[in-house]
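**Q** Input: one structure, supplied below.
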Amino acid sequence: MERTSLNLVFVGHVDHGKSTLIGRLLMDTGTLPEEKVEELRQTCKDEGKEFRLAFLMDQFEEERKFDMSIDTTQTFFKTATCDYVIIDAPGHREFLKNMITGASLAHAAVLIVSAKEGIQDQTWRHAYLLGLLGIEQIIVVVNKMDMVGYDEAVFRSMVNGVTNMLGQVGAKPMTLIPISAQEGDNVASKSDHMKWYDGPAFLEMLDSLQTPVADMEKPVRFAVQDVYQVNGETVFVGRTEAGRLCAGAKVKILPAGHEAEVKGLHVFGAEPTELVPGQCAGVSLSPSLDIGRGAILSDADALPSVTKQCHAKIFWLGSKSYRVGETIAVRCATQEVPCRIERIERRFDSSDLQNKKEGAEEMAETDIGEVVIATDEPIVLERFEDLPELGRFTLVEGENVLAGGIVTDSK
C-alpha cells in the first residue's frame with residue numbers, strides 16, 4: 001500500500017484538552033523518544049508541577065509558566081499507512097492570528113470540545129475559521145468524558161449542539177468521537193468505559209482521511225515571487241498555484257496583460273518539461289519582459305479575473321477598530337496592493353454569529369464581515385471555491401496582519 005502524508009490542524013478552546021490529546025497521541029503511537037518524556041518529567045518536577053501530557057506540545061518555558069500554547073507548533077508522527085504533520089494551533093483569543101496561519105496549511109482539522117464545559121465563544125470562532133478556510137474534513141472529539149462519568153446522554157447532547165454550530169458556518173463534521181485524552185479512552189483504541197459508542201477510535205478515524213489531490217487540469221496560475229539574472233538570462237522565480245505549466249506554453253502575464261511563451265523551466269539541478277501545482281521553480285520567457293514580484297502567469301486561453309473590486313468574507317484580527325474607507329493593503333499569493341473596505345454589507349459577532357445591528361461602518365477585533373473591498377491597482381483574484389490559492393487573502397498594515405478572508409465574487 002502506498003504511503004500518504006497529511007497536514008492535520010488541532011483547534012479548540014483553552015483548557016478543552018488540545019495539547020493533552022496531541023501528547024497522548026504521540027505517546028500511544030510510540031512517536032516520542034523516551035528521553036524527551038523524561039526531560040519533560042524533570043522539567044515539571046523542577047517547577048513543582050505534576051507531569052501532564054500537554055507539556056509534550058507546550059515546549060517553551062513561557063508556555064509552561066502560563067500553562068497555555070502561545071504559538072503554532074508543528075510536530076510529526078506516523079501510522080502504518082500515513083505520515084502526519086500535526087499543526088497545534090493556539091486556542092486563546094489573542095493568538096487567533098497564529099491559528100489562521102496553522103489552519104491555512106491543513107488538509108483536515110480536529111476540533112476539540114470539552115464534555116464538561118461545552119461550546120464556548122472560542123469554539124464558535126474556530127468553527128467559523130475552519131469554514132472560512134474551506135477545510136472539509138473535520139473530526140470533532142468530545143474530550144474529558146471521564147469528568148462527566150462517561151455519560152452517553154452528555155455526549156449525545158454535545159453531538160446535537162456541535163453539529164448545529166458547524167452547520168451555521170457552512171461546515172459539516174465527518175464524525176464526533178467521545179474521548180478522554182488524559183486517560184487514553186478512544187484515542188489509539190476503543191474504550192471499555194464507553195461500550196455504548198460504536199464508532200471508530202480517534203487514530204482509526206485519522207487513517208481514513210484523504211490527502212487532497214491537486215487538480216492539474218485547472219488553468220495555469222504561476223505567482224512570481226522574485227526575479228533573477230542567471231547567465232545573462234532573466235528568470236522569474238515563483239510557485240505554480242494551479243494547472244500544468246509546460247515549456248512552450250503560451251501565457252499571459254497579469255495584471256499587465258503581456259503575452260509571452262515559456263522558453264524554459266528551471267529547477268535546481270534539472271530542466272523539467274512541466275511544473276505541477278505546489279512546485280516552486282524558475283521560468284524564463286520569450287520575449288523577456290520587465291515584470292516583478294506579484295505578477296501572475298496565466299493560461300492565455302483561460303484567464304482569471306483582473307479587478308479593482310471584490311466581495312469577500314473576512315475575520316477581523318486587528319486590535320484597533322477599522323472604519324470604512326481607511327487605506328490598508330491586501331495580500332493574495334505574492335501580490336500586495338493598497339486597498340480599502342468600501343462597504344460592510346453584514347457584520348457578525350464571532351462568539352455566536354449573531355448579526356450586529358448597531359451600524360456597519362467599522363470592524364472590531366474578532367468581528368466577521370461580508371464586505372466589498374476596493375483596490376487602488378488591478379489585482380488578480382478568483383473565487384475561493386474555484387481556486388483557494390488566489391481566493392484567500394490577508395489585509396495588512398505594514399507587517400501587521402489585520403484580517404484574513406476569502407473572495408466570494410471577483411467580478
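**Q** Can you list the strands (runs of 3 or more DSSP E) lying wholly within the range 160-257 that have 1 or more residues being more than 24 Å from the chain's Cα centre (by Cα) and not assigned by TED's automatic domain parsing to the domain that holds THR20?
**A** 221-230, 233-242, 250-254
**Q** Check whether at least one residue in the range 2-22 is modelled with pLDDT under 70 and assigned to a loop (DSSP other than H, G, I, E, B), and report yes or no.
**A** Yes, the range 2-22 contains at least one residue that is modelled with pLDDT under 70 and assigned to a loop (DSSP other than H, G, I, E, B).
**Q** Under 6 Å by Cβ, and 6 or more places apart or on different chains, what pairs join a residue from the range 103-130 that is outside the structural domain of ARG392 (by TED's automatic domain parsing) with one that is charged (D, E, K, R) and assigned to a helix (DSSP H, G or I)?
**A** So the pair list comes out as ILE112/LYS18.
**Q** Output the number of residues of the range 362-393 satisfying the condition of being surrounded by 14 or more Cβ atoms within 10 Å (Cβ to Cβ) and farther than 23 Å from GLU241 by Cβ.
**A** Residues meeting the conditions: 12.
**Q** I'd like to check something: does the range 257-272 contain any residue that is at pLDDT below 90 and either closer than 25 Å to GLU377 by Cα or surrounded by 14 or more Cβ atoms within 10 Å (Cβ to Cβ) (or both)?
**A** There is at least one residue in the range 257-272 that is at pLDDT below 90 and either closer than 25 Å to GLU377 by Cα or surrounded by 14 or more Cβ atoms within 10 Å (Cβ to Cβ) (or both).
**Q** Kindly evaluate ARG383 against the criterion of being assigned to a strand (DSSP E or B) and either within 30 Å of GLN120 (Cα to Cα) or not aliphatic (A, V, I, L, M) (or both). Give the derivation first.
**A** Details: assigned to a strand (DSSP E or B): no; either within 30 Å of GLN120 (Cα to Cα) or not aliphatic (A, V, I, L, M) (or both): yes.
Considered against the rule, which asks whether it is assigned to a strand (DSSP E or B) and either within 30 Å of GLN120 (Cα to Cα) or not aliphatic (A, V, I, L, M) (or both), ARG383 comes out as no.
**Q** Can you spot a residue in the range 322-331 that is under 24 Å from the mean Cα position of the chain (by Cα), without any contact (Cβ under 8 Å) to a residue 24 or more places away in the chain and part of a strand (DSSP E or B)?
**A** Checked against the condition, which is being under 24 Å from the mean Cα position of the chain (by Cα), without any contact (Cβ under 8 Å) to a residue 24 or more places away in the chain and part of a strand (DSSP E or B), the range 322-331 yields no hits at all.
**Q** A follow-up question, please. Going through THR31, THR81, THR73 one at a time, which residue ends up being surrounded by fewer than 22 Cβ atoms within 10 Å (Cβ to Cβ), under 19 Å from SER5 (Cα atoms) and at pLDDT below 70?
**A** THR73
**Q** Looking only at residues that are over 25 Å from the mean Cα position of the chain (by Cα) and surrounded by 15 or more Cβ atoms within 10 Å (Cβ to Cβ) in the range 344-361, which one is modelled with the lowest pLDDT?
**A** So, considering only residues that are over 25 Å from the mean Cα position of the chain (by Cα) and surrounded by 15 or more Cβ atoms within 10 Å (Cβ to Cβ), the one modelled with the lowest pLDDT is LYS356.
**Q** Restricting attention to the range 273-297, and to residues there that are of a type in the set (S, T, N, Q) and over 13 Å from GLY248 (Cα atoms), which single residue is surrounded by the most Cβ atoms within 10 Å (Cβ to Cβ)?
**A** GLN279
**Q** Additional query: Which numbered condition in (1) closer than 24 Å to ARG383 by Cα; (2) in contact with a His (Cβ under 9 Å, 6 or more places away or on another chain) is the only one that GLY282 fails?
**A** Here GLY282 meets the rest and fails (1).
**Q** Got at least one residue in the range 185-195 being in contact (Cβ under 8 Å) with a residue 24 or more places away in the chain, farther than 21 Å from LEU26 by Cα and in contact with a strand residue (DSSP E or B) (Cβ under 8 Å, 6 or more places away or on another chain)?
**A** Yes, there is a match, as at least one residue in the range 185-195 is in contact (Cβ under 8 Å) with a residue 24 or more places away in the chain, farther than 21 Å from LEU26 by Cα and in contact with a strand residue (DSSP E or B) (Cβ under 8 Å, 6 or more places away or on another chain).
The values are calculated or read from the model by the stated rules, or taken from the named source; none is laboratory data. Given the structure is predicted, the values throughout are model-derived calculations rather than measurements. Every residue, glycine as well, gets a Cβ built from its backbone with ideal geometry; the counts of neighbours run over all protein chains shown.
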